[in-house]
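**Q** Here's a structure for you.
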Amino acid sequence: TIALFAARTGAIVQRLDPLLEHGSSDVTALAADPQMRKLFLGDQHGLVCAFAVAHGRLVGTYERERSRREVSFLRYVEADDVLVAVVDRGLAVLDARVNGAARRANDLRLPTLRRMHDAHEQKISAVSVSRALSLIATASPGRAVRVWDFQTLRLDDVCVGLTDDAIAIALLEPYPVLLVATADARLSFYGVRPLSASRPLSVVSAAWPP
């Protein structure tokens, strides 16, 4: 069960039953639109559902990723009314217009706009989305950091020269810069289009002095 609370009073204002296929499935990712009208939940078996917050009802579901692994990341992009999802090694952009033609036909299935099943060789561990730059950055174990075109999911760049695995990444919009934090306490700054640079522009040690 998902509970929504009033920020001022702490009172519960809505409860949502995920209605997931597997009664024991845990919710592993969550996203909402800025107005908190739509809430999106992902579970450990690769299912993504859309709920209307006002009445707590299920209003849409998406086709599962073929691996049926857990949904590890969801991000709502207001400018396009889409949802970016990560399932295991896969990356997808989902249509978040829950009141469109499919809903008018009483069909709960919502379309997947574009999908890549094997964006990485290992499970994606970090993601950053920038609509302003029209890019998605992903990272996985093995020092793998990749940058994808938001509109096509085509590979735009590969970041090399890391000294350890990435533990966090961030596209620093509106600047064409990708920040990568690695497990050895280093911050690496990469240029992304139009200033694409596969090797870091700068590396800073973030380790505390002994």
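**Q** Condition check: modelled with pLDDT of 85 or more and exposed (fewer than 14 other Cβ atoms within 10 Å of the Cβ). Does Glu78 satisfy that?
**A** Yes.
**Q** Still on this structure: So if I check each of Asp149, Asp165, which one is of a type in the set (Asp, Glu), under 16 Å from the mean Cα position of the chain (by Cα) and within 23 Å of Ala29 (Cβ to Cβ)?
**A** Asp149
**Q** Can you tell me which residue within segment 105-117, out of those that are modelled with pLDDT under 90 and among the charged types (D, E, K, R), is most open to solvent (accessible area, probe 1.4 Å)?
**A** Among them, the one singled out is Arg109.
**Q** Within segment 156-177, can you find the residues that are in a loop (DSSP other than H, G, I, E, B), touching a residue at least 24 places away in the same chain (Cβ under 8 Å), open to solvent by less than 60 Å² (accessible area, probe 1.4 Å) and touching a strand residue (DSSP E or B) at 6+ places or on another chain (Cβ under 8 Å)?
**A** Gly161, Leu162, Asp165, Pro176
**Q** Quick one: which strands (runs of 3 or more DSSP E) lie wholly within segment 1-70 and hold at least 2 residues that are modelled with pLDDT under 85?
**A** Numbers: elements: 2-5, 12-16, 27-32, 38-43, 48-52, 57-62.
Fully inside segment 1-70 and qualifying: 2-5, 12-16, 57-62.
**Q** It is to be established whether one or more residues within segment 128-151 are small (Gly, Ala, Ser), surrounded by fewer than 20 Cβ atoms within 10 Å (Cβ to Cβ), modelled with pLDDT under 95 and within 18 Å of Arg64 (Cα to Cα).
**A** Within segment 128-151 (the criterion being small (Gly, Ala, Ser), surrounded by fewer than 20 Cβ atoms within 10 Å (Cβ to Cβ), modelled with pLDDT under 95 and within 18 Å of Arg64 (Cα to Cα)), the answer is no, since none of the residues qualifies.
**Q** Turning to a different aspect of this structure: Which is at negative phi and part of a loop (DSSP other than H, G, I, E, B), of Arg193, Arg146?
**A** Step by step, each of Arg193, Arg146 is checked, and only Arg193 is at negative phi and part of a loop (DSSP other than H, G, I, E, B).
**Q** Could you please let me know if Val180 is over 15 Å from Ser198 (Cβ atoms), in a strand (DSSP E or B) and in contact (Cβ under 8 Å) with a residue 24 or more places away in the chain?
**A** no
The values are calculated or read from the model by the stated rules, or taken from the named source; none is laboratory data. Keep in mind it's a predicted model, so treat the numbers as computed, not measured. Counting neighbours? That spans all protein chains shown, and the Cβs are built from the backbone with ideal geometry, glycine included. The protein model used for the area step is the full one, side chains on, heavy atoms only, and it has no ligands, DNA or RNA in it. Shrake-Rupley method; radii C 1.70, N 1.55, O 1.52, S 1.80 Å.
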